[in-house]
Amino acid sequence: MTATTDGSTGALQPRAASASETQHETTPEAAGTVETRDAATRAMERATDFLLARQDAQGWWKGDLETNVTMDAEDLLLRQFLGIRDEPTTRGAAVFIRGEQREDGTWASFYGGPGEISTTIEAYVALRLAGDAPDEPHMAKASAWIRERGGMAAARVFTRIWLALFGWWKWDDLPELPPELIYFPKWMPLNIYDFGCWARQTIVPLTVVSAKRPVRPAPFPLDELHADARNPNPVKPLAPVASWDGAFQRLDKALHQYRKVAPRALRRAAMNTAARWIIERQENDGCWGGIQPPAVYSVIALHLLGYDLEHPVMRAGLASLDRFAVWREDGARMIEACQSPVWDTCLAAIALADAGVPADHPQLVKAADWMLGEEIVRPGDWSVKRPQLPPGGWAFEFHNDNYPDIDDTAEVVLALRRVRHHDPDRVENAIGRGVRWNLGMQSKDGGWGAFDVDNTSAFPNRLPFCDFGEVIDPPSADVTAHVVEMLAVEGLAHDPRTRRGIAWLLANQEPNGSWFGRWGVNYVYGTGSVVPALTAAGLPGSHPAIRRAVAWLETVQNEDGGWGEDLRSYDDAGWSGRGASTASQTGWALLALLAAGERDSKAVERGVVWLAETQLSDGSWDEPYFTGTGFPWDFSINYHLYRQVFPLTALGRYVHGEPFPAAEGG
C-alpha cells in the first residue's frame with residue numbers, strides 16, 4: 001500500500017487497498033512439521049469460532065477488564081461517603097473481595113503476586129463496611145499482617161485520602177494539593193498538562209477534595225490497623241535538602257502553610273474553575289475519561305461544591321459507575337477500572353482476518369462499521385499542545401472523546417485495512433484522518449506516548465502526592481512500534497517521521513535484545529510489538545537488532561514451549577522474560593519470531609504446539625495471570641480477551657503467513 005502527500009495542504013491521501021492486500025490468498029510452502037501445521041490449523045479454527053460467537057450484535061467485542069479489589073473497595077467507600085450504599089451492592093462486593101483474599105490474609109495487586117499493604121487495607125475496610133467483624137479469622141489475619149508492615153502509615157497517599165474522608169487519618173498528615181494549580185500557565189512547571197491524562201483527570205478533582213478536607217462520621221473505629229496506637233500518624237523524616245525528594249517535601253510543607261493564608265476569594269474561584277473544568281470533560285455516558293478513578297473523585301469534588309445527587313451531572317456520573325460493575329454467577333460484583341471495547345474490537349478484527357476470515361465477512365464488516373462510528377472528530381486535551389492539528393483518532397473505551405488513544409488509533413487503522421467495506425471512501429477518509437493525527441502526535445524525540453505529546457516533565461513524579469503509579473506519559477516502545485507498523489502498512493515506511501520512530505526504537509533496545517513493555521507485561525510484550533513493526537518497515541530479519549531480539553526470546557522460552565513473564569520484572573530485572581507460560585505472552589513471542597523469519601525454527605514450533613495443546617475444548621485458553629499494565633508494577637490488568645486474540649493472531653500468521661507484504665514506497 002502506498003500513500004501520497006498533497007503538496008499544497010500536507011494532508012495525507014492514502015489510496016484504497018486492493019483485495020490482495022486485505023485478504024489472505026496464499027499459504028507458505030512449509031511451516032514446521034505436518035503434524036504441527038495440522039494442530040495449528042485445528043486450534044486456529046476452534047479459536048476463530050470461539051471469537052466470532054462472542055461478538056456483540058452492534059459489532060464490538062469486549063472482554064472483562066480485571067484489576068484488583070481496590071476498585072471494589074473504593075466503590076463501597078464512595079457510596080458510604082455519599083450515603084447511598086445499599087445491601088445488594090455491598091453483599092456482591094463483599095463476595096468478590098473475600099474470594100480474592102490470599103491464604104496469608106492479604107490481597108495482592110495481581111494474580112500470584114505478593115500481598116500489598118494499601119490493597120489489603122482498602123479490602124479490609126470494605127469488608128468492615130459489609131459487616132465482617134474484626135475478630136473473624138480472615139479479618140484478624142489481615143489486620144495482623146497490616147500492623148506488622150507499618151499499619152495505615154505505610155499506605156500510599158490515595159489510600160490515606162480515603163481513610164481521611166471518614167476521620168481514620170488526619171488531613172494535616174497528607175500532602176497538600178492546592179486548587180490554585182488550575183491557574184498555572186502551560187509553560188509553568190507542574191501545570192495540569194504536565195501530568196498524563198489519567199493523572200490530570202484525577203488531580204483536578206482532588207485539589208477540591210484537598211481544599212475542602214471533608215470528614216464523614218466513621219461507621220466504626222479502625223484502631224486495629226495502627227502499628228502503634230500511641231503514635232498512629234508517625235512523622236517521616238525529611239530527605240536531605242539538596243535532593244529532589246527533600247526539595248519537594250519542603251515545598252509541600254510550604255503549601256501547608258499557604259493553606260492557612262490563602263485568599264478565600266482566590267481559593268473559591270479556583271475551586272469553581274476546577275468544577276467547570278471537570279464538567280466540561282464529562283463524557284456523553286456520564287463518566288470521565290472512561291476510567292473509574294477520575295469519575296469517583298469528580299463525583300466527590302462536585303458533591304462537596306454543592307451539586308446534589310439529583311443534579312444531572314451527578315446522576316449521569318453515578319449511573320456511569322454502575323456500568324463498570326460485572327455481576328458473576330456466584331453473586332460476586334466486580335468493578336472494572338475501565339472498559340476496552342475499541343481496543344478489543346480492533347485486536348479481534350486483526351486476529352480473525354489474519355486467521356483467514358474473508359475480508360468481506362459480515363462480522364468483520366459489522367466490526368468495521370462500529371469502529372468507524374467510534375472515530376473522534378473533535379479536539380480534546382491533546383490539542384493544548386497541538387492546537388493546529390485536526391482531530392481524528394480512536395479512544396480505548398465506549399465514550400472518551402477528550403482523550404483519543406494513539407495506540408488504539410494505530411491498531412484501528414491496521415484493523416480497517418483488513419476489511420473489504422461496502423463504503424471504501426468512508427474507510428479511506430477515516431484512515432486518512434487517523435494517520436494524520438498520529439503523525440501529528442509524534443514527540444520531539446521521535447517516539448510516541450499513549451495520549452499526549454512530549455509529556456515528559458520529571459517534576460510531577462517528584463511530588464509527595466504522587467507515590468502511586470506513573471503520572472506522566474512519555475514515549476514507549478510498544479506504542480511507538482504500533483504506530484511505526486501502521487505507517488509502514490500505509491506506505492509511509494520511508495517517511496522521515498517514520499524513520500525517526502524507527503531510530504527511536506533501535507536506540508531504546510535493551511542490552512539483552514528485548515524492549516520494555518509499558519502497557520503490557522513486559523519485555524515479551526515490548527519485543528512482540530517492536531519486531532513486527534521493524535520488519536513491516538523494511539528492516540530485514542538479519543538486522544542485528546532483530547537477531548538480538550530473536551536470541552533473547554529463544555533464551556527465555558520456557559521448558560514447556562510457551563512464554564511467560566511475571567509482573568515483578570517491572571520491579572526486578574531478574575524477572576525479565578520469566579514466568580509461567582501464558583497464551584497471550586506466547587502469542588506475543590510468536591508474533592516477533594514469525595516477523596523475524598523464524599517460522600521453521602524449533603522455538604516457533606514448540607510455541608505453536610504449546611498453544612495447541614493448552615487450548616480448551618471450546619477454543620479458548622485459560623489465563624488467570626495479569627499480562628496488561630496500567631502503571632508498571634503498581635496497577636496491573638487482566639484483559640480477558642488477550643488470551644484469545646493474540647494466540648489466534650499468532651496461529652493465523654503461522655498458518656497463512658504475514659498479513660501484509662513488505663512496505664514499499666513512502
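Determine whether ARG102 is surrounded by fewer than 17 Cβ atoms within 10 Å (Cβ to Cβ) and within 30 Å of PHE646 (Cα to Cα). Break it down into steps so the answer makes sense when it comes.
Working: surrounded by fewer than 17 Cβ atoms within 10 Å (Cβ to Cβ): yes; within 30 Å of PHE646 (Cα to Cα): yes.
So ARG102 passes the test.
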* Asked: For ALA133, are the conditions met, namely being among the hydrophobic types (A, V, I, L, M, F, W, C), over 14 Å from PRO234 (Cα atoms) and either touching a Phe, Trp or Tyr at 6+ places or on another chain (Cβ under 7 Å) or touching a residue at least 12 places away in the same chain (Cβ under 8 Å) (or both)?
  -> no
* In segment 204-248, what residues are farther than 23 Å from ASN461 by Cα, of a type in the set (S, T, N, Q) and in contact with a helix residue (DSSP H, G or I) (Cβ under 7 Å, 6 or more places away or on another chain)? -> ASN233
* Examine segment 333-351 for a residue that is surrounded by fewer than 21 Cβ atoms within 10 Å (Cβ to Cβ) and over 17 Å from TYR642 (Cβ atoms), and state whether such a residue exists. => no
* Asked: Can you name every residue in segment 321-353 that is charged (D, E, K, R) and closer than 23 Å to GLU375 by Cβ?
  -> ARG323, ASP344
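Which residue is nearest to GLY317 (Cα to Cα), if the candidates are limited to segment 202-233 and must be among the polar types (S, T, N, Q) and part of a helix (DSSP H, G or I)?
Within segment 202-233, the match that is nearest to GLY317 (Cα to Cα) is THR202.
Could you pull out the residue among ALA589, ALA612, ALA603 that is crowded, with 24+ Cβ neighbours inside 10 Å, part of a helix (DSSP H, G or I) and in contact (Cβ under 8 Å) with a residue 40 or more places away in the chain? Can you show your working first?
Numbers: ALA612 fails: crowded, with 24+ Cβ neighbours inside 10 Å; ALA603 fails: crowded, with 24+ Cβ neighbours inside 10 Å.
Selected residue: ALA589, the only one of ALA589, ALA612, ALA603 that is crowded, with 24+ Cβ neighbours inside 10 Å, part of a helix (DSSP H, G or I) and in contact (Cβ under 8 Å) with a residue 40 or more places away in the chain.
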* Asked: So ASP467 clears everything in (1) buried (at least 21 other Cβ atoms within 10 Å of the Cβ); (2) closer than 26 Å to THR119 by Cβ except one condition, right? Which one?
  -> (1)
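Among the listed residues LEU251, LEU225, LEU206, which satisfies the condition of being more than 27 Å from the chain's Cα centre (by Cα) and crowded, with 20+ Cβ neighbours inside 10 Å? If you could, list the steps in order and put the result at the bottom.
Numbers: LEU251 fails: crowded, with 20+ Cβ neighbours inside 10 Å; LEU206 fails: more than 27 Å from the chain's Cα centre (by Cα).
Every option except LEU225 fails the conditions.
Listed here are the residues, each with its yes/no results for (1) under 21 Å from GLU658 (Cβ atoms); (2) modelled with pLDDT of 95 or more; (3) in contact with a helix residue (DSSP H, G or I) (Cβ under 6 Å, 6 or more places away or on another chain).
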| site | (1), (2), (3) |
| --- | --- |
| ALA507 | no, yes, no |
| GLY513 | no, yes, yes |
| GLY538 | yes, yes, no |
| HIS543 | yes, yes, no |
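Quick check: anything in segment 497-506 aliphatic (A, V, I, L, M), over 30 Å from LEU251 (Cβ atoms) and buried (at least 18 other Cβ atoms within 10 Å of the Cβ)? Please lay out each step first, then the result.
Residues of segment 497-506 that are aliphatic (A, V, I, L, M), as a first pass: 502-503, 505-506.
Checking which are over 30 Å from LEU251 (Cβ atoms) leaves us with 502-503, 505-506.
Now narrow it down to the ones that are buried (at least 18 other Cβ atoms within 10 Å of the Cβ): 502, 505.
Checked against the condition, which is being aliphatic (A, V, I, L, M), over 30 Å from LEU251 (Cβ atoms) and buried (at least 18 other Cβ atoms within 10 Å of the Cβ), segment 497-506 yields at least one hit.
With the structure loaded, tell me whether ARG128 is part of a loop (DSSP other than H, G, I, E, B) and charged (D, E, K, R) or whether it fails that test. I'd like the intermediate steps shown before the answer.
Details: part of a loop (DSSP other than H, G, I, E, B): no; charged (D, E, K, R): yes.
Considered against the rule, which asks whether it is part of a loop (DSSP other than H, G, I, E, B) and charged (D, E, K, R), ARG128 comes out as no.
Yes/no per residue for (1) assigned to a helix (DSSP H, G or I); (2) charged (D, E, K, R); (3) at pLDDT 95 or above; (4) surrounded by 24 or more Cβ atoms within 10 Å (Cβ to Cβ):
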site: ALA359; (1), (2), (3), (4): no, no, yes, no
site: VAL365; (1), (2), (3), (4): yes, no, yes, no
site: ASP369; (1), (2), (3), (4): yes, yes, yes, no
site: LEU389; (1), (2), (3), (4): no, no, yes, no
site: HIS399; (1), (2), (3), (4): no, no, no, no
site: HIS422; (1), (2), (3), (4): no, no, yes, no
site: GLY434; (1), (2), (3), (4): yes, no, yes, yes
site: LEU439; (1), (2), (3), (4): yes, no, yes, no
site: GLY449; (1), (2), (3), (4): no, no, yes, yes
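The values are calculated or read from the model by the stated rules, or taken from the named source; none is laboratory data. Small disclaimer: the values here were computed from a predicted structure and weren't measured. All Cβ positions, glycine included, derive from the backbone under ideal geometry; neighbour counts span all protein chains shown.
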